[in-house]
Amino acid sequence: MRKLALIISLLLIAIWGLAQNIEDILDEQLAEKPKTEFATATFKSVQLINSHTTKLPDKGDLVFLIAHRFGPISAGFSDLWGLDLATIRLGFEYGLTQTTSLGFGRSTYKSNYDLFAKQLLLRQSTGERNMPITLGIIGSANISSDKWPDDGRNYLFAHRMSYSLQFIASRKFNRSISLMLMPTYIHRNLVKTTADQNDILAIGAGGRFKVSNRVALTAEYHYLLPGQTAADFKNPLSVGVDIETGGHVFQLFFTNVSAIYDAAYISETTASWLKGNVRFGFNISRTF
Amino acid sequence: MLLLALFSASTFGQKYFTRNGYIRFFSATPMENIEAVNNQASCILDIETGEVVSKVLLQAFQFEKALMQEHFNENYVESDKFPQAVLKGKIINLDKIEINKQGSKQVQINADLTIHGVTKSLEIPATILNNNGEITATAIFTVKPPDFEIKIPKAVANNIAKEIEVTVKFNLEPVKK
């Protein structure tokens, strides 16, 4: 009796197997072990405009980033609407692992050298592992190599240093829209007056909207939390366009910042959009 | 009786399966060679009916350069819109071939291949090797990007071959119920 039951059940299984669509069986098998799919190409470049993104150079890749911020358009004809004046940063970022990168840059602004490390803590994914956001942390140390003013004070090497620490939470909502939030902490060892803040907090937001496979609109803004810095300086705001051609990403934008490293552009922007002190700028990134 | 039942269950619509199939595509031009490998292709083969279905996540193709991989996904196959390539086919000369039996056989597969939301019929010559019940299916064929409405910009037209060579190797195991 038990044998008969077994035979019938085995036959049933066999018949069921026959009746079932072969594609359904494949899907069933695949559903047993779902794969984790990571969100890719959330941003085109390692920088959105001024801000770092959660995109890292691939492991072993070196990204060379050339950044220009011209003078204010309000400078008019005599300075060709700012094109005669420029601050630049030349930077490198190297993908140490899939989730860690190290970078280095030299800016005109304050003759600054910046060193930074970017680490992804979470990666947006679906499937076996569901994660709604990518979370990264980026720390930088900056050394200004400007000559000290001849004012009789005793300046130390430590006075050249400033630091920034930033979390970047990004999410690719769909093929077109990616957004990120960037709370930032900045520390400067030396500030101009006793009223100035050594420690500054800001919250930034940025995003991109793809208009085609190779072109995207971008924008970013940082809000300085109330304090002396917020009272004396302007919140950085930038809007632009990303154009990708093969191995290069061209980023063209309008911005009110002239410094090109986190600790300075977030806390030391003086130009105002409202007064028309907007600048044209561009980044070109090339992956090696 | 039990043996008979087991026998009937095992031969009746016997299906073989893999989730770790190997697919490589290769584009050769005088400018550069581009190669991508995927070790996560899935495939199911019914050796009774000759039906075969294979699905592969395009995102899982690994390129030598990460940037190539990004362009492949973002600009060419648009894997966020069309995540999978799907092949559904049937071995047409099955009646002459007994896959159950040991040895290597040449088969012809009439298949519908869907990439980038476009389906194209192909005839694929393949080899099926049965080695003590372990089935290995291999095939080499070519696909043309325009057939799947994959647009290649003029700037890189010389870097991407008109015909892309696809190599498939699947080690199939019996489907466990």
task: Measure nothing but the geometry: give the 0 to 90° angle between the long axis through the Cα atoms of A:2-19 and the longest principal axis through the Cα atoms of chain A, rounded to 10°.
output: 50 degrees
- prompt: Which value, in debye to the nearest 20, describes the size of the charge dipole of region A:132-288 about its Cα centre when Lys and Arg Cβ atoms bear +1, Asp and Glu Cβ atoms bear -1, and nothing else is charged?
  reply: 540 debye
- prompt: In region A:41-287, if every C-alpha pair distance is counted and binned at 10 Å from zero, what percent goes to each bin?
  reply: 8, 31, 38, 18, 5, 1, 0
- line: Where a ≥ b ≥ c are root eigenvalues of the Cα gyration tensor, a/c under 1.5 meaning rounded, otherwise prolate if a/b exceeds b/c and oblate otherwise, region A:58-161 counts as oblate
Charged-residue dipole, Cβ positions (Lys, Arg, Asp, Glu), the protein assembly as shown about Cα centre, Debye nearest 20: 340 debye
- request: Please find, in a Gaussian network model of chain B (springs between Cα atoms separated by less than 10 Å), the residue of B:161, B:66, B:137 whose mean-square fluctuation is greatest.
  value: B:66
query: Taking springs between alpha-carbon atoms closer than 10 angstrom, which of A:146, A:61, A:27 fluctuates most in the Gaussian network model of chain A?
result: A:27
statement: Among B:115, B:132, B:97, the residue whose Cα sits farthest towards the positive end of the charge dipole of region B:1-157 (+1 at Cβ of Lys and Arg, -1 at Cβ of Asp and Glu, taken about the Cα centre) is B:97
- prompt: In region B:79-123, which trypsin sites (Lys or Arg not before Pro) fall in coil by DSSP and have 14 or fewer other Cβ atoms within 10 Å?
  reply: B:81, B:101
task: Determine, from the Cβ-Cβ distance of residue A:228 and residue A:126 and an R0 of 56 Å, the FRET efficiency 1/(1 + (r/R0)^6), rounded to the nearest 0.05.
output: 0.80
message: To test your reading of the geometry: what angle, between 0 and 90 degrees and rounded to tens, separates the Cα axis of helix B:2-11 from the longest principal axis of chain B?
response: 30 degrees
Residue mean of other protein chain beta carbons inside 10 Å, B:15-21: 3
query: Using a Gaussian network for chain B with springs between C-alpha atoms less than 10 Å apart, which of these wobbles most: B:33, B:100, B:130?
result: B:33
task: Would you calculate, for chain B, the mean residue ellipticity at 222 nm contributed by helices, counting each DSSP H stretch of 4 or more residues as -39,500 (n - 2.57) and dividing by all residues, to the nearest 500?
output: -2500 deg cm²/dmol
message: On C-alpha positions alone, give me the angle between the axis of helix A:22-32 and the longest principal axis of chain A, in degrees, nearest 10.
response: 50 degrees
query: Regarding chain B, what whole-number volume in Å³ per residue does the convex hull of its Cα atoms give?
result: 117 Å³
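Taking the Cβ-Cβ separation of residue A:154 and residue A:203 as r and a Förster radius of 51 Å, what is the calculated FRET efficiency to the nearest 0.05?
On the way: r = 36 Å, r/R0 = 0.71.
Once the sixth-power term is evaluated, E becomes 0.90.
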task: Normalise the Cα radius of gyration of the protein assembly as shown by 2.2 N^0.38 Å (N = residues in it) and let me know the number.
output: 1.29
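None of the figures in this text is laboratory data; all of them are computed from the coordinates on show. Small disclaimer: the values here were computed from a predicted structure and weren't measured. FYI the Cβ positions are ideal-geometry reconstructions off the backbone, even for glycines, and counts take in every protein chain you see.
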